[in-house]
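This report refers to the structure that appears directly beneath it.
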């Protein structure tokens, strides 16, 4: 199957931080402007704008998409807002992709924004509203709670230790030291992670990404337009997304099947048969340390239960055989819900163009995969990008 | 790639002021069953799903979490659009035209009766820095806009009252309508103001309901027995979200959205080439403002009266909101565009019963997302 070729021609993001002084609109604008500037484009060259932003409860604005429209360039233009919880930051690129691939648009500006700090006393409290109002909210769950359940199940099924999981925090926070927008880049050890406060066993504080404010944006363009705009377009070779049942309590959480399905949808589009061999860089979603490993397995980049061993062997280091989260990820750069996934897309864009500075992986990577996750441990969103234009 | 898209199935629930006997999930399940039966497809065949919803109206954050099970979308591609159902239709059309999927479902519903204080929710849509602290009821924005629009365009309050009478009377023939009433313009003109010159009776009352639409690529549509209704064009656009910098007279978002849809449909003279219009009338004056933005009235001068059979001034007979519109059906919020689309599908198929128009080959559905937004969409359907 041949699709209209679509490429990323520009990318930009704000610093990710615990509390921004900028309003949500301003955050969106800063990222959108940075993306346009990087492509040397003006807003009137953009045919349509797409916003990805997760729950309105954080920014505290109803119909938040409408409020953010001007910050995202959606003025006197086609504009819409899409989301799938935490999966939004990668899904929004798929949405932008089919805007252009449909032929209705030649260019699109995709902006993902989140300002979580508006929610007081702590944004984590707003997550109560994602749970079923009848069967779950009375139990007063929070994300630390339910992800601890998932981590425990993953560890139990495969006999994975806490130390193996802690290594993800060490790698990603170290990688983030090279990211100019990072909130929590740091040089820490496995011992530091295990000495940190237990939030909900077996989750330790240093295994958890922060709540953050920030925005990230990319400019998409159709093939011939893309080649006029830049000498190094990064082509979207595959997109995939998959939503599982709301009843997470009835699923075996040890493996994210919905990530596998989303990944194969994207890999099939990209003509990838052996992901572990054909993907050169991976940016899986890492809101908690164990998630990177969990998602690598869902992405078919490690056999089930084997990701921790490959991590320990250095395979996923920046100079390893398959660099994973060279950006520093959510653990290191930060986690403004929707913008985090787009930060990973931006990272692949810069890495594949050799523009990742101190974070640059060696060799000449030609193909990468970004993945995000969200809802009630329920949705996988995957985008494969590369330096080679897909056949059309 | 780039096959045209068709609506092959529609399922709607009769709009009602409240719906205590069912959850939103049960409403979605019912509408989906109807739509899939209408389309002649089974749930497992559907490849992608779109739900149009806003968290604060649902009372649940990340609303798409609670949508796949009752639509047959488990372990399938599904996402939320925080937009009206017609934006959802545009989304589905793009998915189909990209070549990614051949069978896509769009869903939207209203369970507005759940809201204890709807105006408080609406208040949260106001700009938190510049507008919300002023403490005004958001309907005031419609009142101000109506005043400016009437003044600039020479439209009268009587003409707005006629829209209410027309639409609620049309709804008498629509079994899916929540607020049918044999109304005369004088009944409206003698009713109290909410915010001058906007009268309470001119605001569409909320209703609960659900609509599911099945779209297919041309090749996929051929595999079903359903009669395809072709999507001739889609358009959507925003004007400024800021009250202080938007156009208060012209619905610019519809002028842009319509231009996009007309271009795709190859339509040059909408009043002549389109047989029926189902457009947003969530405040009565908006029907007239939206018609103008659609290019039905000349932009500089909008005069005349609106007759009981949908005739509009200066342009001869035009069928506008034969379904009863939001005033007659009830305001189903994110689902309102899909109720309008459904009416057009029924009309184009010849299945509109007592509302059936003699000539129904091309129809236009339009939506607006309500105050304080300037967001709208247009979908043009054709039987050929």
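Couple of notes before you dig in:
- Sum of -39500 (n - 2.57) over DSSP H runs of 4+, divided by residues of chain A (222 nm, nearest 500): -10000 deg cm²/dmol
- Antiparallel %, DSSP beta bridges [both residues in chain B], to 5: 70
- Cβ-based exposure ranking for A:304, B:75, in which fewest neighbours within 10 Å come first: A:304, B:75
- With neighbour counts taken as other beta-carbon atoms within 10 Å, the residues B:246, B:199, A:358 rank, fewest first, as A:358, B:246, B:199.
- Cα centroid separation, region A:231-261 to region B:313-384 (Å): 37
- Note on A:85-92: average number of Cβ atoms from other chains within 10 Å of each residue's Cβ is 2.
- For region A:135-186, the Cα gyration tensor yields ellipsoid semi-axes of 28, 19, 6 Å (square root of five times each eigenvalue, largest first, whole Å).
- Chain lengthening between residue A:389 and residue A:228 when straightened (0.36 nm per residue, less Cα-Cα): 56.6 nm
- Annotation: peptides A:254-260, B:136-142, A:240-246, A:40-46, ranked by per-residue average of other Cβ atoms within 10 Å with the highest first, follow the order A:240-246, A:254-260, B:136-142, A:40-46.
- Per residue, the convex hull spanned by the Cα atoms of region A:1-40 amounts to 100 cubic angstrom.
- For residues of B:65-77, the mean tally of beta carbons on other chains within 10 Å: 6
- Largest GNM mean-square fluctuation among A:277, A:309, A:344, using chain A with Cα springs under 10 Å: A:277.
- DSSP finds beta bridges in the protein assembly as shown, and of those with both partners inside it, around 75 percent are antiparallel.
- Estimated FRET transfer efficiency (residue A:247, residue A:144; beta-carbon r; R0 22 Å; 0.05): 0.60
- Neighbour counting of Cβ atoms within 10 Å sorts the residues A:292, A:150, B:244, fewest neighbours leading, into B:244, A:150, A:292.
- Highest mobility in the GNM of chain A, judged by mean-square fluctuation with C-alpha springs under 10 Å and restricted to A:332, A:71, A:103, is found for A:103.
- Cα pair distances exceeding 26 angstrom across region A:38-162, given as percent: 39
- The calculated FRET efficiency for the pair residue A:306 and residue B:244, based on their C-beta separation and a Förster distance of 45 Å, comes to about 0.20.
- P(r) tail fraction, region A:284-392 - alpha-carbon pairs more than 21 Å apart, %: 33
- Rg/Rh (Cα only; Kirkwood hydrodynamic radius) as it applies to region B:86-141: 1.23
- MRE, 222 nm, helices only [DSSP H, n ≥ 4, -39500 (n - 2.57), over chain B, to nearest 500]: -9500 deg cm²/dmol
- Of A:335, A:175, A:152, the residue with the greatest mean-square motion in the GNM of chain A, using alpha carbon springs below 10 Å, is A:152.
- Each peptide among B:184-191, B:79-86 gets the average number of other Cβ atoms lying within 10 Å of its residues, and from highest to lowest they stand as B:79-86, B:184-191.
- Peptide A:48-61 shows a mean partner chain C-beta count of 3 within 10 Å per residue C-beta.
- Two-decimal log10 I(q)/I(0) for the protein assembly as shown, as the Debye equation yields it once each C-alpha is a single scatterer, q = 0.05, 0.11, 0.12 Å⁻¹: -0.24, -1.12, -1.32
- Gap separating the Cα centres of region A:137-163 and region A:278-333, nearest whole Å: 19
Where a number appears in this text, it was derived from the coordinates with a stated rule and is not lab data. Because the structure is a prediction, the values reported are computed rather than measured. Neighbour counts are summed over all protein chains in view; Cβ atoms, including those assigned to glycine, are modelled from backbone coordinates with ideal geometry.
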